[in-house]
Amino acid sequence: MSFNRKLLASVLFAGSLFASAASAQTEIKLGHVGEPGSLLALSAEEFARRVNEKLGDQAKIVVFGSSQLGGDSELLKKLKLGTVDMALPSTVMSSEVPLFGLFELPYLVKDRAHMARLRDEIVMPVMAPAAEKDGFKILGVWENGFRQITNSKRPIEKPTDLQGIKLRVPSGIWRVKMFQSYGANPSPMAFSEVFVALQTGVMDGQENPLAQIYPSRFYEVQKYLSMTNHVYTPAYLTAGRSWKKYSPEIQKALTDAAVETQPVVYEIAAKMDEDFLQKLKDGGMQVNQVDQSVFVTASEGIYKDFAAQVPEAKDLIQKAQELAKSGS
């Protein structure tokens, strides 16, 4: 091969490597633990559609659901490393940033309108900056949902009915403390492992929003669904280390789409609650309501512990309760 041909081949090869690298850099990976058809999945897909329309050929969001890129705890680690660009953590954020334990407090969130006020007046101005100090950039506050309890033993109508039940919970010390105070035996476990744990009897039950319970087919391995509404968990669209490498234009598109998606998520979630409850009944689950006042009384100790252990917690609790009244 002549010198000129060798030079041309080298240039073309180098150019192909550069183009490949450039292409790889524009792929933005968004990971979450939700199964297809879940609220997390539909939220991520709606966000990706909006972002990709805004970005054109500048970059592209690629969504990986069903814990393909790892469970919630692993995703947070990967955000810090920059090996995953975005994630949708929920409860697990309280394990990384103590202030996020606010949303582990039972019956704190009245409804989605209240949550929107909490988002605008507490999460984004106070909690998001705390998360950013720990390496997590929160772009939007979406939803995981109002949590209900399923189990294979008996209907749960009051906290004492949980006595001795082996209950899977997500990673977060306050969820564990809450269910311990009710008398259950809570154990943190990755969401991807829950179905098999319920199927084999390693766990008697679990607690999740309907938007996770139905798509994950828990009705196949659980008999009872108790509508406790014990905790409302937001889902936080979160970026990590790789955020700084994006141009201002890409950052703006991601942020704008995250905010635009927020009200859409609430609409999807409200409809899902109604649809999935009926489907779970049709799937054979026995559904019961609970005496929430008894659960609220049994939860007083968790509020006191959280206020005592987490700086700023007392003020945030008071603010959250004031915001519940302001929408009445």
| request: Choose one of SER192, GLN318, GLY101: the residue whose Cα lies farthest towards the positive end of the charge dipole of the chain (beta-carbon charges +1 Lys, Arg; -1 Asp, Glu; about the Cα centre). | output: SER192
| query | So what is the orientation-averaged projected area of region 16-132, using the convex hull of its C-alpha atoms, in nm²? | reply | 8.9 nm²
| request: Give a residue-ordered list of calculated ³J(HN,Hα) values for region 245-261 (Karplus: 6.51 cos²θ - 1.76 cosθ + 1.60, θ = phi - 60°; whole Hz; x for Gly, Pro). | output: 7, 7, 5, x, 5, 5, 4, 5, 4, 5, 5, 4, 5, 4, 6, 4, 6
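Exactly which GluC sites (Glu not before Pro) in region 149-209 are in a DSSP loop and have at most 15 other Cβ atoms within 10 Å?
Numbers: sites: GLU157, GLU193, GLU207; in loops: GLU157.
The qualifying sites are GLU157.
Which loop GluC sites (Glu not before Pro) in region 267-328, with loop taken from DSSP, have no more than 16 other Cβ atoms within 10 angstrom of their Cβ?
Numbers: sites: GLU267, GLU274, GLU300, GLU312, GLU322; in loops: GLU312.
The qualifying sites are GLU312.
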| field | Charge dipole (debye, nearest 20) of the chain; +1 at Cβ of Lys and Arg, -1 at Cβ of Asp and Glu | value | 780 debye
| task | For region 161-254, count all C-alpha to C-alpha pairs, find those more than 17 Å apart, and express that count as a whole percent of the total. | result | 58 percent
| field | DSSP beta bridge pairing in the chain, given as percent antiparallel to the nearest 5 | value | 50 percent
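Where both residues lie in region 86-219, what percent of DSSP beta bridges are antiparallel, nearest 5? Present the calculation step by step, with values, prior to reporting the outcome.
Details: 5 of 11 bridges.
Around 45 percent of the beta bridges assigned by DSSP in region 86-219 are antiparallel ones.
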| message | Quick check on the chain: what does the Kirkwood estimate of hydrodynamic radius come out to from the alpha carbon pairs, in Å? | response | 20.9 Å
| For region 182-199, Karplus couplings with θ = phi - 60° (6.51, -1.76, 1.60), whole Hz, Gly/Pro x | 7, x, 7, 10, x, 9, x, 7, 4, 4, 5, 9, 5, 4, 5, 4, 6, 5
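Quote the relative contact order of region 60-163 in percent (integer), defining contacts as alpha-carbon pairs under 8 Å separated by 6+ residues.
Values: 48 pairs, mean separation 17.2, N = 104.
The value is 17 percent.
Taking only C-alpha pairs under 8 Å that are 6+ residues apart, what is the relative contact order of the chain in percent?
Values: 573 pairs, mean separation 80.9, N = 328.
25 percent.
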| said: Rounded to whole Å, give me the distance from the Cα center of region 268-296 to that of region 242-261. | reply: 36 Å
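Give me the 1.4 Å probe accessible area per residue for the chain, excluding ligands and nucleic acids, in Å². Intermediate values should be presented prior to the final figure.
Values: 14740 Å² over 328 residues.
About 45 Å² of surface per residue is accessible.
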| Ratio Rg/Rh, restricted to region 171-328 and using Cα atoms, in which Rh is the Kirkwood radius | 1.00
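Tell me the carbon and sulfur percent of the accessible area for the chain, rounded to whole percent, probe radius 1.4 Å.
Working: 7780 of 14740 Å².
Summing carbon and sulfur atoms, their accessible area is 53 percent of the total for the chain.
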| Note, ³J(HN,Hα) from phi for region 40-56, Karplus 6.51, -1.76, 1.60, rounded to Hz, x at Gly and Pro | 4, 5, 5, 5, 5, 5, 5, 4, 4, 4, 5, 5, 5, 5, 6, 7, x
| task | Before anything else, pin down the relative contact order of region 101-260: Cα pairs under 8 Å, at least 6 apart, normalised by residue count, whole percent. | result | 38 percent
| message | What whole-number distance in Å separates the alpha-carbon centres of region 123-138 and region 181-240? | response | 27 Å
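The values are calculated or read from the model by the stated rules, or taken from the named source; none is laboratory data. Since the model is a prediction, treat every value here as computed from it, not as a measurement. Here Cβ is always computed from backbone atoms with ideal geometry, including for glycine, and neighbour counts include all displayed protein chains. The accessibility values were calculated without ligands, DNA or RNA, using every heavy atom of the protein model including side chains. Shrake-Rupley method; radii C 1.70, N 1.55, O 1.52, S 1.80 Å.
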